[in-house]
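**Student:** Input: one structure, supplied below.
The values are calculated or read from the model by the stated rules, or taken from the named source; none is laboratory data. Keep in mind the model is a prediction, meaning the values are calculated, not measured. When we count neighbours, we look across all protein chains shown, and the Cβ atoms used for this are built from the backbone with ideal geometry, even at glycine. When the accessible area is computed, the model is the full protein with side chains, heavy atoms only, and any ligands, DNA or RNA have been set aside. Shrake-Rupley method; radii C 1.70, N 1.55, O 1.52, S 1.80 Å.
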Amino acid sequence: LIMKTVLFIDNLEVFANHGLFEEENKLGQKFIFDIECELNYQKALFSDEMTDSISYADIADVVVKTATTNTYNLLERLSGEILKNIFNKFPQIEKIKLTVNKPAAPISYHFEQCGVKVEVSREEFYKL
């Protein structure tokens, strides 16, 4: 069994403008992100040095900036941009699990969460 080390952020709330409908793009709404980044930070377990890991704040910055800089019709496209930007900024991240929840999606039925989930390795992502 190989040791697996993961950094995660759950329920990162961002107000942004994404969706197929004009009102969604104009008015905006809340999006909630869960992200897990797999990387080897075994050194940090003993060194206590930030240089041996990645700051959660830096990962959150990439998610928020990506979500608020552009407007996309699809959460799938937003997810692709977030994955690309994280892989590009942090070469030590080997795999990402990303959930984008759109709790105010225009669905005329009661629901708690809806959105997209992607789990991809760096190697797989760059083959797409």
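**Student:** List the residue pairs whose Cβ atoms are under 9 Å apart, where the first residue sits in segment 1-18 and is within 14 Å of Ala60 (Cα to Cα), the second is open to solvent by 40 Å² or more (accessible area, probe 1.4 Å) and among the polar types (S, T, N, Q), and the two are 6 or more positions apart or on different chains.
**Tutor:** Pairs found: Val14/Thr68; Phe15/Thr68.
**Student:** Would you tally the residues in segment 2-25 being open to solvent by 100 Å² or more (accessible area, probe 1.4 Å) and either among the hydroxyl-bearing types (Ser, Thr, Tyr) or at positive phi (or both)? Even if it seems obvious, please write down each step before you answer.
**Tutor:** Of the residues in segment 2-25, the ones open to solvent by 100 Å² or more (accessible area, probe 1.4 Å) are 2-4, 8, 11, 13, 15, 20-23.
Adding the requirement that they be either among the hydroxyl-bearing types (Ser, Thr, Tyr) or at positive phi (or both) leaves 11.
Within segment 2-25, residues that are open to solvent by 100 Å² or more (accessible area, probe 1.4 Å) and either among the hydroxyl-bearing types (Ser, Thr, Tyr) or at positive phi (or both) number 1.
**Student:** Can you work out which of the residues in segment 26-63 that are closer than 22 Å to Leu83 by Cβ and in a helix (DSSP H, G or I) is most open to solvent (accessible area, probe 1.4 Å)?
**Tutor:** So the residue we want is Tyr56.
**Student:** Tell me which of these Val116 doesn't satisfy, since it passes every other one: (1) without any contact (Cβ under 8 Å) to a residue 60 or more places away in the chain; (2) outside any strand (DSSP E or B).
**Tutor:** (2)
**Student:** Another question, if that's okay. I'm checking my understanding of the structure. Among residues of segment 105-118 that are exposed (fewer than 13 other Cβ atoms within 10 Å of the Cβ) and of a type outside the set (Lys, Arg), which one is nearest to Glu22 (Cα to Cα)?
**Tutor:** Here is the first cut: in segment 105-118, the ones exposed (fewer than 13 other Cβ atoms within 10 Å of the Cβ) are 106-113, 117.
Still in the list and also of a type outside the set (Lys, Arg): 106-113.
Numbers: Pro106: 12, Ile107: 15, Ser108: 17, Tyr109: 21, His110: 22, Phe111: 22, Glu112: 23, Gln113: 22 Å.
Checked segment 105-118; the qualifying residue nearest to Glu22 (Cα to Cα) is Pro106.
**Student:** Now for a separate question. Can you tell me how many residues within segment 65-88 are open to solvent by 20 Å² or more (accessible area, probe 1.4 Å), farther than 21 Å from Cys114 by Cβ, part of a helix (DSSP H, G or I) and not charged (D, E, K, R)?
**Tutor:** 3
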